[in-house]
Amino acid sequence: MVAITSVGTPALSSTAPYGRSGTSPASAGAAGASAGASASDGAEAVALGQGGGSPVYTRAQLAPTYAWERASSDAISGRLAGNVLASTMSGRFAGLGAALLTQLGGDGSDYSQSVIGVAPGAQVNAIRASRFQAPALNQVGLTLTMRSGATVTVTLGSDTDRLAVNVAVTGGTLGAKDRDAVAALAGAFQTAIDALGETPPRLDLGGLLDTDADLFAAVNLHASIDVGQNQPQTIDFVASDQQRTVSVRGPSGDLDLNVDMRETSTLGTAAQQASAIRHYLQQFDAAKSRGQGDPALMAMFKDAFAALHSHRASSDGVFGKPSSNGIDPASRIALSGADHGMMTGLGDFQASISQTAVASNPMRRDEVDAFSYQVSQHTEISGKSELDRSVHQRQESRLDASFHRSLFGDTALMLTDSPYSQNYYYDQIHDTASSDMSLAYAKGALVQATLTQAADQSSRVQKYELGRLQSDITTPNAKSRTVDVLGMIDDAIRNDTYHQIPDDRQRDDVLSSMHDRVLLHASTDQVGNL
């Protein structure tokens, strides 16, 4: 066995472990070059092997050394030197995203640094320069497209033996306002990184939407995370004045969400938006429970849905007026507050979640555990003017799921090739739901106002004992209800015998009170109670 020697060159500088020695990358580079040549005074000696003549090494010689992309004693390098000793992604990336955006907000310049752990006995100068900024097993990238023309790209990468960061500004330079705006996102970026580093990964993207539309044209985040056994989970988030999207791909399943940002006329009050988001999150929980969905994947779905609908304009101006971001509404027909009472208050969207199907029963491979859920909203606004306008909003959902469960509630199900393990229920769920709202005005008078809710829930349960089918029961359950809102308005006016309330106000009061009833209900019981 030969002594371990750290070698430093102008292109590749090596250091002793920065976090342990307390030296900076710059000063440690020189110390590392001679670390293996002799033991330092007072260092503890360690003998390896048996018998006489065994080589003697110091603990410093047995510890890995670290090669740096460039020698520097700046604050980012210091944080890298400490973080590289961490064993988790969250520890590796702790504080780095915020530090990079804060630094960029100060000087607006590019930055690149990387540190690689070098095993004892390995040659530092054998590391290729290209490896310092090569794609990593765990990687998070943020791209900020500024309206000034400049594009900011921030990348953090972590492998078992490497930690790297890179900041690049292309297409122009950052002015003072741009730099301040970028620095203001430091906390939100770090929050998103920290959530992705949790086990299982979580989405916390709302802060990245709190941007000035006059300065930012788009915000993109891409992450690739090793979730075990070298299986990556990728996350893509895009926010622009046209759309907001989240896409997740991974071994447990996929999810996709898209919110249309072009039509702002559909946006209701801040309270209506918050109420609709809460309602939909409850619907997602109900779907997960009914279809035995994966909790971690559904949690990401819920986080993404809430984030994509956050920080939007509102009709009451709490979040700014719908046109405050400089984007004209697609329809150019203004809707009244009463109209918004008959709508969800959210922008149109499409969302889906699909778990990876698993054939968990070796005796019946056609029986798979699966979960698929889709939900959407689409709005049509038409007419010659506000006086002659029509509005139609449709919400839809679909749940398809199948799963195995034990015949005995207190016994875990473990299906094998043995008939003695084949005691279970196999459930198949097929549900659909819809909510249709229609409004129409002629010469300023309301001539149509209807709401139709429908839910169709179907479940099939097969019962097996010792591998033999004992029962096969399909239970359909469908319900639909139409509410004549125009008739409700006529009743309110007719009941106001002394005409204490103007007819137009009666109309608006009834329409405004409809918000909770308009929201999509997937359960037949809920539809029946409308």
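What follows is calculated from the coordinates using simple rules that are stated; it is not laboratory data. Here the structure is a predicted model, which means the values were calculated and not measured. In this analysis, Cβ positions are derived from the backbone assuming ideal geometry, glycine residues included, and neighbour counts consider all displayed protein chains.
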Packing-based ranking, highest mean first, of 273-280, 518-525, 194-201 given that Cβ atoms within 10 Å are counted: 518-525, 273-280, 194-201
In whole Å, what is the distance between the alpha-carbon centres of region 408-453 and region 248-272? 20
When you count, for each residue, the other Cβ atoms within 10 Å and take the mean per peptide, how do 75-87, 458-470 rank with the highest first? 75-87, 458-470
For a bin width of 5 Å, list the pair-distance distribution of region 156-206 built from all Cα-Cα distances, rounded to whole %. 4, 15, 16, 22, 20, 13, 8, 2
From the C-alpha coordinates alone, can you work out the Kirkwood hydrodynamic radius of region 145-272, in Å? 16.4
If packing is taken as the average number of other Cβ atoms within 10 Å across a peptide's residues, how do 214-220, 339-345 rank, most packed first? 339-345, 214-220
Shape call for region 84-176, from the Cα gyration tensor axes a ≥ b ≥ c (a/c under 1.5 means rounded, otherwise prolate when a/b beats b/c, else oblate), comes out prolate
How large is log10 I(q)/I(0) at q = 0.09, 0.10, 0.14 Å⁻¹ when the Debye formula is applied to the Cα atoms of region 64-241, each weighted equally and without solvent? -0.31, -0.38, -0.73
Quick one: net charge around residue 222, please, counting Lys, Arg +1 and Asp, Glu -1 for every other residue with C-beta under 13 Å from its C-beta. 0
